[in-house]
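The values are calculated or read from the model by the stated rules, or taken from the named source; none is laboratory data. Please read these numbers as outputs of a predicted model, since none were measured by experiment. With ideal geometry, Cβ positions are generated from the backbone for all residues, glycine too; neighbour counts draw on all protein chains shown.
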Amino acid sequence: MEALNSLSMPIRKYIFDSNWEELSRIQAASLHHVQKTNANLILAAPTASGKTEAAFLPSINDIQDWSTGLKIIYISPLIALINDQFKRVTELCKYLDVKVTSWHGEASQTLKKKLLTKPEGILLITPESIEAMLSVNPQNARQLFTGVEWVIVDEIHNFIGENRGIQLQSLLERMEAYTKNQPRYIGMSATLNQKDYEQSKDFFPNGRETLVLLDKNKNKLKTTIEYHPSNIKGVSKKAVQSIFKLSQNQSMLVFPNSRETVEELTYNINEYAKKNKSHTNYFAHHASTSKNHRTMVEDFAKKSNGELFTIFCTSTLELGIDIGRVDSVVQFGAPYSVSSLAQRLGRSGRRTKESVLNFIGTHEWDLLQGLAAIQMYQRGEIDQQGEIVKPYDVLAHQMISLLLEYPEIKLTEFSDLINKKRIAKDMTKTELNLLINELIKENYIEIDPPYIFVGTESEKLLRGYEFYGMFIENKMFRVVDENRNIGQISVSPSAKEGNNILLAGKVWTIQKIEVDTNKVFVRPAKKGTAPDFYGSGGKVSDLIRIEMKRILLNPKAWDNYDSEVRKTLKILSKKVSGANKFDYVVEEDGLVLYPFRGTEVVNTLGLMLEMVAKDTVTIGIGGSIQIQDIRDNINKLKSSSVTESELRSYLMQRPDKIKVGLSNVKYGQLLPNALKVEYILNNILDLAGAEQYLKDHT
C-alpha cells in the first residue's frame, strides 16, 4: 500500500481503472529503489510479472516537469515489441496527458516530424533507428535527447554477449553526449544467468551503481515429450499428426528452429486439417513473411474470442509480445539454449500461471539436447549469454558512424574520442593502429590533415538501411501476388522460375523473377517446398552438452519418459562409453567423436584435429566430430599440444577458415587479417576449454 500511495494521483487512477488488486513484487521493488536510490536498475523477473509497468510507473512518476522536452526513451530489440508496448504505455499516459511516439522504419513520418518540432513525452525506438539518427541526422539527436532523464532497455539479455549489444552500449554513450542531465537506466529481462548479472550491471555508460532486482517466481511447468524422427523428405507425418491432435483443444505457438521448417509444418498441417475437417486456424509467422501478414496473425490471436489457433513461428514471437491467450507451446526440435526455451515458455500460461510445454524431438541427438534443456530449466539453470572480447568489427563500424556524426573533426580530436569509448577500452594501441590503417588503406576513411572523414568505400556501405544494424542480410527479393506483398526470399537454386515454393503457409508458383526491381512474381499453387532462407544455426553452451552426457549416464532418470524415448536413450547410451573416456560412436557414415562440449569447444577441437591430421573435419548434429582415422588423430592431438601461437599461424594461412569463422560477423570485412584471427580466437573458439577437455580425458 505504501508503494501505491507514493504514486501520483493520475497513475493511481489508471491502476484503479485497470482493476489491479495490488502492485506485483517487481513493481513495488522497482518503485522503492527508484525513489530511495540514484542507481540504475536491472529488473530480472519472469514473463508476465509486470516488468513493463515496473519500468514505466516509477520512471514516469519520477518526472517533475514534462514541459522541458522528451523525458523517457524506451529501447526495444524488435519493432513488433515496440508496437505492442506502444498500446500499453499510451493507455497509461492518457491519464497524465503525456505524449508517446514510436520511432522506427515502419513508424509514421508525420508523427516523427511533430516530435522534432516539439520534443515531449516518451519515445519508443530501436537501436538501429538511434544509429541512423546519430550518423545521418545528428541535429535530430541534439533536438530530442537534451532533456532525457530515463532510458529503458527491454529484453536486455537479447543484447548481452552480442555485437548488437556492443553497438547499443556505444549508442547509449553517444546519446549521453547530447543530454543536459545524465539519465538513469532501467534494463528488463526474464532470462538472465547468475553470471550475466555482472555484465548487465556494467552495461550502462553513466557510471552510476546498477542494482539487479530479482524475482525468482515462475509459472508451474507441465511437459509432454515425444520423439518423431524427421527424414530427408522433411518433417514426419507422426509429428504433424501429433501437433494436429494437440491443436484441436488448445491455442498454441509452435517453435521450430528454422523458417524452412515453419513453412513445411504450416503447409503439411493445413493439408492434414482439410482432410480431417478441422476448424483450428493455422498460420506461419517469421521475419520473411510480410509485415501485413505478421500483423494479421498477431491481431487474430489477440482477438480470437475462443477460436482455436496454432502459429508456427521463429524468434519473431519469442520475445515479450503479448498475443493474448496461448494455452501451450510446442518446441519442435531442441532449443539452442535454456534462455531461449524460457522465453518461449513465457508465451503460455500468462493467465493460468501454468506453462505447458510439448517437446517433439526430431533426431536422436536432438531429442537428448531437448531433454537436457528442459531439465536445466526445471532446476532453474539458465545458460550464460557470453561476452564479446575486443569487438574490433563493431568499433570499425562505430568509427565510420562517428565520422558521419562529426563530419568536420580533426584527427587528434577523433583519436581522443575513440580512446575514451568503452568499446575500445581493452584494445592495445597496436590493435587500434592496425584497424585505422586498414580502414584508410581500403578507403573506408580518409585523412586530409588535420581532418579525418569517411571514404568512398563507406559511402557504398550507406546504401539502404543495412548500415545501421548488426544483422547480416542476404539480398532479398520481395514476393508479390497481384501487387499483394507475401514476404521476401533469397533467390537460390530452390527459387527459380517455374518452381513452387512455400511462403506464409501457402504454396506459390514462381512466374517471373525481376532482378532489377528485386521482385519475385507468384501465383497460388498446390504443392511446393520451402525456399532457402539462409538463417544461421544457434550456439549451444557447455552446460547443455554436459547435461546431455549426464542424462545418458543415469538410466534411472528415464522412468518418466515414454517407451519410444526410453528406447532411443538406451540406444544412445550403448553407443557412448562411460565417463572420463573419449566417446566414440559408430554412425552410418563412420566413426565419430562426441565430446559433449559446447559449440566453441567443439569448433576448436575440430580445428586442432585438422591441423594435426592435415585433413578435413565435419562437425555434425549434437556437436559430433568426424575425421578419417579419428582415434589415431585424437592421440596425435593429445601428444602434440597445439598452442595458441600455432592456431593463430594456421588461421593466418587459411583465408577459408577465417571466412567461415566470421560468417556471422557482419563487419568482419572491415578488419585486417591479423585482427580477424584475433577476433576468432577470442570469440569463436575456446582454446582453454579444448585443452581442458583433452586433459580431462587423458
- Message: Looking at region 540-558, can you tell me whether even one residue there is farther than 25 Å from D383 by Cβ and either buried (at least 17 other Cβ atoms within 10 Å of the Cβ) or in contact (Cβ under 8 Å) with a residue 40 or more places away in the chain (or both)?
- Response: no
- Of all residues in region 598-644, which are within 22 Å of V540 (Cβ to Cβ) and among the acidic types (D, E)? E600, E610
- Index of the failed condition, I436 passing every other in (1) over 30 Å from V565 (Cα atoms); (2) within 31 Å of the chain's Cα centre (by Cα); (3) buried (at least 20 other Cβ atoms within 10 Å of the Cβ); (4) touching a residue at least 40 places away in the same chain (Cβ under 8 Å): (4)
- Query: Restricting region 201-222 to residues that are of a type outside the set (D, E, K, R) and at pLDDT below 85, which is nearest to T52 (Cα to Cα)?
  - Reply: N217
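For (1) among the aliphatic types (A, V, I, L, M); (2) at pLDDT below 95, each residue gets a yes or a no:
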residue	(1), (2)
N5	no, yes
E21	no, yes
H33	no, no
A45	yes, yes
- Message: Out of everything in region 277-292 that is in contact with an Asp or Glu (Cβ under 7 Å, 6 or more places away or on another chain) and assigned to a strand (DSSP E or B), what residue ends up being nearest to K245 (Cα to Cα)?
- Response: N281
- Task: Within region 371-386, count every residue that is farther than 12 Å from S340 by Cα and touching a Lys or Arg at 6+ places or on another chain (Cβ under 9 Å).
- Result: 4
- Note on the structure: By residue number, the members of region 102-141 that are under 30 Å from the mean Cα position of the chain (by Cα), closer than 23 Å to S170 by Cα and surrounded by fewer than 17 Cβ atoms within 10 Å (Cβ to Cβ) are G105, V136, N137
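From the list N219, N281, which residue is under 23 Å from Y377 (Cα atoms) and buried (at least 17 other Cβ atoms within 10 Å of the Cβ)?
Result: N219 is the single residue among N219, N281 that is under 23 Å from Y377 (Cα atoms) and buried (at least 17 other Cβ atoms within 10 Å of the Cβ).
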- Select from region 607-616 the residues that are within 27 Å of H363 (Cα to Cα) and either of a type in the set (K, R) or surrounded by 21 or more Cβ atoms within 10 Å (Cβ to Cβ) (or both) and list them in ascending order. L607, L609
- Message: Residue under question is K614, and the condition is that it be over 23 Å from K695 (Cα atoms) and either in contact with a helix residue (DSSP H, G or I) (Cβ under 6 Å, 6 or more places away or on another chain) or not polar (S, T, N, Q) (or both); does it hold?
- Response: no
- Query: Residues in region 21-42: is at least one more than 28 Å from the chain's Cα centre (by Cα), among the hydroxyl-bearing types (S, T, Y) and surrounded by 19 or more Cβ atoms within 10 Å (Cβ to Cβ)?
  - Reply: no
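Restricting attention to region 463-484, which residues are surrounded by 16 or more Cβ atoms within 10 Å (Cβ to Cβ) and out of contact with any helix residue (DSSP H, G or I) (no Cβ under 6 Å at 6 or more places or on another chain)?
M476, F477, R478, V479, V480, D481
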- Residue in region 110-153 that is farthest from L402 (Cα to Cα), counting only those that are of a type in the set (V, I, T) and free of Cβ contacts under 8 Å to residues at least 40 places away in the same chain: T110
- Task: Identify all residues within region 175-203 that are more than 16 Å from the chain's Cα centre (by Cα), among the hydrophobic types (A, V, I, L, M, F, W, C) and not in a loop (DSSP other than H, G, I, E, B); write none if there are none.
- Result: M175, I186
- Query: Out of V586, V576, which single residue is of a type outside the set (K, R), closer than 25 Å to L609 by Cβ and surrounded by fewer than 12 Cβ atoms within 10 Å (Cβ to Cβ)?
  - Reply: V586
- Message: Among the residues that make up region 372-386, is at least one of them over 30 Å from I452 (Cβ atoms), modelled with pLDDT of 95 or more and in contact with a strand residue (DSSP E or B) (Cβ under 9 Å, 6 or more places away or on another chain)?
- Response: yes
- Message: Restricting to region 87-101, give me the number of residues that are surrounded by 18 or more Cβ atoms within 10 Å (Cβ to Cβ), within 27 Å of the chain's Cα centre (by Cα) and not hydroxyl-bearing (S, T, Y).
- Response: 2
- Item | Pick from region 299-338, criterion modelled with pLDDT of 90 or more and small (G, A, S), ranking: nearest to F244 (Cα to Cα) | S328
- Task: Please state which one of S641, S645, S663 is of a type in the set (G, A, S), under 22 Å from N474 (Cβ atoms) and surrounded by fewer than 14 Cβ atoms within 10 Å (Cβ to Cβ).
- Result: S663
- What is the number of the single condition among (1) in a loop (DSSP other than H, G, I, E, B); (2) at pLDDT 95 or above that K245 does not meet? (1)
- Counted residues, region 608-665 - those being in contact (Cβ under 8 Å) with a residue 60 or more places away in the chain and either closer than 22 Å to F596 by Cβ or in contact with a strand residue (DSSP E or B) (Cβ under 9 Å, 6 or more places away or on another chain) (or both): 6
- Query: Taking the stated definitions as given, is V480 of a type in the set (A, V, I, L, M), modelled with pLDDT of 90 or more and either assigned to a loop (DSSP other than H, G, I, E, B) or within 30 Å of the chain's Cα centre (by Cα) (or both)?
  - Reply: yes
- Taking region 508-555 and keeping residues under 29 Å from Q384 (Cβ atoms), of a type in the set (D, E, K, R) and at pLDDT 90 or above leaves D542, R545, E547, K549, R550
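A quick yes/no check of all residues on (1) in a loop (DSSP other than H, G, I, E, B); (2) within 30 Å of M133 (Cβ to Cβ); (3) of a type outside the set (D, E, K, R); (4) touching a Leu at 6+ places or on another chain (Cβ under 8 Å):
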| site | (1), (2), (3), (4) |
| --- | --- |
| N474 | yes, yes, yes, no |
| Q488 | no, yes, yes, no |
| K496 | yes, no, no, no |
| Q511 | no, no, yes, no |
- Task: Name every residue in region 666-698 that is under 16 Å from L435 (Cα atoms), touching a residue at least 40 places away in the same chain (Cβ under 8 Å) and among the aliphatic types (A, V, I, L, M), in order of residue number.
- Result: L670, L671, A674, L675
- Task: Answer yes or no as to whether T295 is at pLDDT below 90, crowded, with 18+ Cβ neighbours inside 10 Å and in a helix (DSSP H, G or I).
- Result: no
